[in-house]
1. Could you report the accessible area of residue 20 in Å², rounded to 10, computed with a 1.4 Å probe on the protein chains as they sit in the structure?
2. Amide H of residue 43 versus every other amide H placed in the peptide plane: which residues, excluding those fewer than 5 positions away on the same chain, fall under 5 Å?
3. Which aspartates and glutamates, on any chain, are close to residue 14 with Cα under 20 Å apart, when same-chain ones fewer than 8 places away are left out?
4. Suppose each label sits 7 Å from its Cα in the direction of the beta carbon; what would the residue 102-residue 21 distance come out to in nanometres?
5. Given a 1.4 Å probe, how much area per residue of the chain is accessible, in Å²?
6. Could you list which residues have their amide H under 5 Å from that of residue 22, counting only those 5 or more apart in sequence or on another chain, with H placed in the peptide plane?
7. Could you look at the chain and say what percent of its accessible area is carbon and sulfur, using a 1.4 Å probe and all protein chains?
Amino acid sequence: VDTLTALKRYYSSKTEFIFIMGVDACLEVMTWKSYASFLSMVEIAVSNRVGCSEQALFDFLVQLGYTKDDRLWRGTAGNQNITVLPEVPKGVCSSEVRKVIANGMVSGHLLSHDVVHYIEENSLYNP
């Protein structure tokens, strides 16, 4: 919430933010600091993960008061919308990427060339 608040102050009011997270993180959102504020501040895109139940996500969103409209879940009571992405992404997670980079092996088999270039150019995941 603090980071989103700072970003919204820094960028123009015309800037739209979308928070992208995996279904596993979404199912834990109620454990986050000020999660209710978070849900009201930013639209969310949720990506399914191998081994995670899409039905569990749908049940959770209903519990939070969202209503389903195709892949879009409409927020109520001031909450922003949540979009459930239609495909499971390539089986890569940030902890795996950090581990590979820590071992000095940034590889194209995990990430696209553009992503590898961006990581290197911006010195991401460096200790």
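The values are calculated or read from the model by the stated rules, or taken from the named source; none is laboratory data. Treat the numbers as computed from the prediction; the structure is a model and nothing was measured. Cβ placement follows ideal geometry from the backbone for every residue including glycine, while neighbour counts extend to all protein chains displayed. To get the accessible areas, we keep the full protein, side chains included, count just its heavy atoms, and leave off ligands, DNA and RNA. Shrake-Rupley method; radii C 1.70, N 1.55, O 1.52, S 1.80 Å.
1. The accessible area comes out at roughly 120 Å².
2. Sorted by chain and number, the residues that satisfy this are 17, 19.
3. Within reach: 2, 43.
4. 2.4 nm
5. Normalised by residue count, the accessible surface of the chain is 67 Å².
6. Here 47 satisfy the definition.
7. Result for the chain: 54 percent of the exposed heavy-atom area is carbon or sulfur.
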